[in-house]
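Notes follow once the structure below has been shown.
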Amino acid sequence: MPSYVFFHLLLPLFFSAQPVFEEQVIDNNISIGYGLALGDVDGDGKPDILLADKKQFVWYRNGDWKKFVMAENLTEHDNVCIAAKDINGDGKVEVAVGAQWNPSETGNDQQSGAVFYLVRPADPTQLWKPVQLHHEPTTHRMRWMQAENGKYYLAVLPLHGRGNQGGNGAGVQFFAYEFPKDVLAQWKLHLIDSSLHLTHNFDIPVASSRKGLYMASKEGVKLIDKNLSAKKAVLLSLPGIRGAGEVRVGKLSSAADFIATVEPMHGQEIVVYTDNGKNERILLDDNVKEGHALATGDFSGVGRDQLVSGWRSPNKDGKVGVKLYTPTDASGASWQQQWIDENGMACEDLQVMDMNGDGKPDIVAAGRATKNVKIYWNKSGR
């Protein structure tokens, strides 16, 4: 057989090569595992795992994976979210958290929602000091972001607007908290958006050609300019969207992105919208239940991203889990899927980062009903 024919036959296998993962259980006795963040807590140059559990905010030290409590019992109701990022350049993350998770109470801000900045102690394995900040009811998700002016902000997204019932009523108040020189002083608030309802999650992609904040909502996906003073925002035209609970942006090529969603909120469909000139809606999977997590990353080292999804309730086959979806070429027109964890992770949240410095992104997930935290180490040959 001529060599060029042999190479041609291998091309589909090369471009559709599926990455290999090896799982490690970090903790098999968590309460719920509402939210995850990844970053260097102790300044040793290795990213650690931070977890918002039912009543505790904890971190696991990279290497021995020992668990340390940062704060606990901050509010009457459960904790719900956590954000971690090095924003002052000292090699250690700043941490903010959300608590008082009471989604049915949308009017009483004493009984619903809480936001805290955690002040680092000299020894990060000891308890951190909580500083309470402004909050809206039903505080649900948060992320650190750097705006176009170079300043850092804590973006905090509630689930409902004030006084809402069933996703109807006032729009969600999505605020950015400007990081101050003195964290004990008042933090300046900037209203990002107040037009959407049932805003379950948001993404701030770094590599996207369309820089900004992508909000998943009852109405669909909205893109907001990171220049907070510009007030530029647009509800994206995504054909056939059924509302979205999760949104993540990935890269197909240097010129094209894709937008991934879980539809509807807590829904059963994993969907991708391609940015390849056709603006197609591609249904990747309709056999998940309570889809609750998405992430993107180039796990295969082929120059384009794959998509990870996780769900927390048994699907039609009685299974929970984590799956990977891989575009077979740079157009994003077709995808293949594989299990990463088949029925061992009732996924509440997942995050992606290179956790061991080998240049390959790994996956960290927290399970609700399975009560576990796992790392899926990327063992792909690249």
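In what sequence, highest mean first, do 328-336, 233-241 appear when ranked by Cβ atoms within 10 angstrom?
Working: 328-336: 16.1, 233-241: 13.9.
Answer by packing, highest mean first, reads 328-336, 233-241.
Here are some values of Rg and Dmax of the Cα atoms in Å: (i) 24.1, 75; (ii) 20.3, 75; (iii) 20.6, 65. Which one was computed from this structure?
(ii)
What does the C-alpha gyration tensor say about the overall shape of region 29-181? Classify as rounded when a/c is under 1.5, otherwise prolate if a/b is larger than b/c, or oblate.
Values: a/c = 2.23, a/b = 1.45, b/c = 1.54.
Oblate.
May I ask you to order 56-66, 42-52 by the average number of other C-beta atoms within 10 Å around their residues, highest value first?
Values: 56-66: 17.1, 42-52: 19.6.
So the order, starting with the most tightly packed, is 42-52, 56-66.
Which net charge results when you count Lys and Arg as +1 and Asp and Glu as -1 among the other residues whose beta-carbon is under 14 Å from that of residue 30?
Details: positive: 54, 55, 67, 312, 368, 371, 374; negative: 27, 53, 72, 78, 348, 349.
Local net charge: +1.
Enumerate the amide H contacts of residue 193 below 5 Å, restricted to partners 5 or more residues apart or on another chain; note that Pro and chain-start residues carry no placed amide H.
Here 174 satisfy the definition.
Sort 248, 368, 242 by heavy-atom solvent-accessible area, probe 1.4 angstrom, most to least.
Values: 248 20, 368 80, 242 110 Å².
Result of the area sort, largest leading: 242, 368, 248.
Which of the peptides 106-112, 90-96 is most tightly packed, and how do the rest follow, judged by the mean count of other Cβ atoms within 10 Å per residue? Could you put the intermediate results ahead of the total?
Values: 106-112: 16.3, 90-96: 19.4.
Answer by packing, highest mean first, reads 90-96, 106-112.
Between 0 and 90 degrees, rounded to the nearest ten: what's the tilt of helix 3-15 against the longest Cα principal axis of the chain?
20 degrees
Please report the net charge: other residues with Cβ closer than 12 Å to the Cβ of residue 164, K and R +1, D and E -1. If you can, show how the numbers build up before the last one.
Numbers: positive: 162, 218; negative: 105, 136.
The answer is 0.
Pop out the carbon and sulfur fraction of the accessible area of region 164-310 as a percent, whole number, probe 1.4 Å. Don't jump to the answer; show the numbers that get you there.
Numbers: 2770 of 5580 Å².
Carbon and sulfur together cover 50 percent of it.
Excluding ligands, DNA and RNA, what is the solvent-accessible area per residue of the chain at a probe of 1.4 Å, expressed in Å²? Write down the numbers at each step before the final one.
Values: 15380 Å² over 382 residues.
Dividing the accessible area of the chain by its residue count gives 40 Å².
Of 218/289; 319/379; 289/319, which pairs sit farther than 20 Å apart, going by alpha carbon to alpha carbon?
The answer is 319/379.
Is the shape of region 276-367 rounded, prolate or oblate, going by the alpha carbon gyration tensor and its root eigenvalues a ≥ b ≥ c, with a/c under 1.5 for rounded and a/b larger than b/c for prolate? Don't skip to the answer; put the middle values down first.
Details: a/c = 2.24, a/b = 1.15, b/c = 1.95.
Because a/c hits 1.5 or more and a/b fails to exceed b/c, region 276-367 counts as oblate.
Roughly how many debye, to the nearest 20, is the charge dipole of region 216-309 about its Cα centre, given +1 on each Lys and Arg Cβ, -1 on each Asp and Glu Cβ, and no other charges? Mind dumping the intermediate values first?
Details: 12 positive and 13 negative charges, 78 e Å.
Computed charge dipole of region 216-309: roughly 380 debye.
As an exercise, use a Förster radius of 51 Å and the Cβ-Cβ distance of residue 189 and residue 339 to find the FRET efficiency, rounded to the nearest 0.05. Before the final figure, lay out the partial values.
Working: r = 43 Å, r/R0 = 0.85.
Approximately 0.75, to the nearest 0.05.
According to a simple spin-label model (label point 7 Å from Cα along Cα-to-Cβ), what is the distance in nm between residue 316 and residue 18?
Placing both labels 7 Å beyond Cα along the Cβ direction yields 1.9 nm.
Any idea how far apart residue 182 and residue 233 come out in nm if each label point goes 7 Å out from Cα toward Cβ?
The modelled label-to-label distance comes out at 3.2 nm.
From the helices alone, meaning DSSP H stretches of at least four residues, give me the mean residue ellipticity at 222 nm for the chain, per-run term -39500 (n - 2.57), in deg cm²/dmol to the nearest 500. Write out the running numbers ahead of the final one.
On the way: 1 runs with 13 residues, N = 382.
Rounded to the nearest 500, it is -1000 deg cm²/dmol.
The values are calculated or read from the model by the stated rules, or taken from the named source; none is laboratory data. What you see is a predicted model, and the numbers here were worked out from it, not measured in a lab. Positions of Cβ are backbone-derived with ideal geometry, glycine not excepted, and every protein chain shown enters the neighbour counts. Side chains are part of the model used for accessible areas, which takes the heavy atoms of the whole protein and leaves out ligands, DNA and RNA. Shrake-Rupley method; radii C 1.70, N 1.55, O 1.52, S 1.80 Å.
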